[in-house]
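The values are calculated or read from the model by the stated rules, or taken from the named source; none is laboratory data. Keep in mind that what you see is a predicted model, and the values were worked out from it rather than measured. Every residue, glycine among them, receives a Cβ derived from its backbone with ideal geometry; neighbour counts consider all protein chains shown. Please note that ligands, DNA and RNA were not included when accessible areas were found on the heavy atoms of the full protein model with its side chains. Shrake-Rupley method; radii C 1.70, N 1.55, O 1.52, S 1.80 Å.
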Amino acid sequence: MSRLSVEIDLFTATGSAAVIAGGLVAAVARPLDLAKGSWLAAYLVLVCGVALIAIGIAQQRAPQPMSARFHASQLTGWIAANALVIAGSLTDTPAVVDAGSILLLVVLAATWRAGLRLLGSKAPAAYAYLAVLTVLIVSVPIGMVLASR
């Protein structure tokens, strides 16, 4: 297994763990009367999980692979950013949500820029990938505003 495959597998494994965690949160949110349970479940599944898996898969198909250092910083930043957003949201600490959101924007911007390499393939999937990243980038400031309410 190549070094890149191991890194992409880390994206898939981490994203899959987040999806599973989101499912578990969804299962216990109602019985435990968790006020932010449905938000947390959705965030874990969609942002922490599915988006990360999609990023890993798309980058694996890039005509020019990204460096191992880029992948490591990307994954580390992704985990830290989302941990801050979740912690800040659950503790009603907007400054922590903002810090995580800004870090997430940095990671997403770097990921979007790196995603431009996919456009060399002219595949519709490359444009879809960048569109999904754009939606995530646009949604981060919206989430910051909603979290501060």
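Brief remarks on what is shown
- Taking 25 °C and 0.890 mPa s as conditions, the range 60-149 diffuses translationally at an estimated 176 µm²/s according to Stokes-Einstein applied to its Kirkwood radius (Cα pairs).
- Take the chain with all the other protein chains still there, run a 1.4 Å probe, and you get 55 Å² of accessible area per residue.
- Highest GNM mean-square fluctuation among LEU133, LEU108, LEU119, for the chain modelled with Cα contacts below 10 Å: LEU119.
- Approximate spin-label separation ALA42-VAL106, in nm, with each point projected 7 Å along Cα-to-Cβ: 2.8
- What you get for the chain, charging only the Cβ of Lys and Arg (+1) and of Asp and Glu (-1), is a dipole of about 400 debye around the Cα centre.
- Selected from THR111, THR134, THR91 as most flexible by GNM, with the chain as the system and alpha-carbon contacts under 10 Å: THR91
- Across the options MET66, THR93, LEU24, the greatest Cα extent toward the positive end of the charge dipole of the chain (unit charges at beta carbon of Lys, Arg, Asp, Glu) belongs to MET66.
- Convex hull volume per residue for the range 55-94, taking Cα atoms only, in Å³: 66
- In the range 1-100, one over the average inverse separation of all distinct C-alpha pairs is 14.3 Å, which is the Kirkwood hydrodynamic radius.
- Legend: helices of the chain (whole DSSP H runs) are marked when their alpha-carbon atoms reach 20 angstrom or more along the helix axis and their mean Kyte-Doolittle hydropathy is at least 1.0; marked are 3-29, 94-115, 124-147.
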